[in-house]
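Peer 1: Before I ask anything, here is the structure I am working with.
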Amino acid sequence: MKIYDLNELIAFSSEKPVKKHFLNAKGFHAALICLQNGVEILPHPEDYGVFFTVIRGSGLFTKADEKVTLGSNQGIYISKDEVRGIKALENLVVLGVQDRQ
């Protein structure tokens, strides 16, 4: 059994998001994404679906042409090829689980 302590992966940069991949499985991939207050991942399409869960903080999430603010213990699924982006409204820690199907 492997235990993952996500607290050990938390790190912030004032210049860019910090993304730490920690699990590759047959149907999914997991990463912890940390954005310091004000740091942004500009909206862009990806060739995989992803479920984002906010672990700590809050952020503005872009899904296609919609924007929604999410806080701790809230999540959003964004489909393959759908435009997505994240802007931290305070220090933000997000668990991203990519759908590899």
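Just so you know, all these numbers are worked out from the coordinates, no wet-lab data involved. Note that the structure is predicted; figures quoted are calculated from it, not measured. Using ideal geometry, Cβ is built from the backbone for each residue, glycine included, and neighbour counts are taken over all protein chains shown.
Peer 1: Would you kindly state how much longer the chain becomes between K2 and K80 on full extension, computed as 0.36 nm times their sequence separation minus their alpha carbon distance, in nm to one decimal?
Peer 2: So the chain would gain 25.2 nm between K2 and K80.
Peer 1: For the pairs K19/K87; K16/K80; K20/K67, note any where the Cα-Cα span goes beyond 21 Å.
Peer 2: Working: K19/K87 14 Å; K16/K80 24 Å; K20/K67 25 Å.
Cα-Cα > 21 Å for K16/K80; K20/K67; rest within.
Peer 1: With no solvent and one equal point scatterer per Cα, compute the Debye intensity ratio I(q)/I(0) for the chain at 0.13 Å⁻¹ and report its log10, rounded to two decimals.
Peer 2: Result of the Debye calculation: -0.42.
Peer 1: Just want the answer: with Cβ charges of +1 for Lys and Arg and -1 for Asp and Glu, which residue in G75, I86, L32 is farthest toward the dipole's positive end in the stretch 6-99?
Peer 2: Value computed over the given set: L32.
Peer 1: Determine which residues of the stretch 68-101 fall in the zone a paramagnetic label at H21 would reach in this model, i.e. backbone nitrogen under 16 Å from the point 7 Å along Cα→Cβ.
Peer 2: Answer for the stretch 68-101: 96-101.
Peer 1: Compute the length gained on full extension between E90 and D47: take 0.36 nm times their separation in residues and subtract their Cα-Cα distance, giving the result in nm to one decimal.
Peer 2: Contour length minus the Cα-Cα distance gives 12.7 nm.
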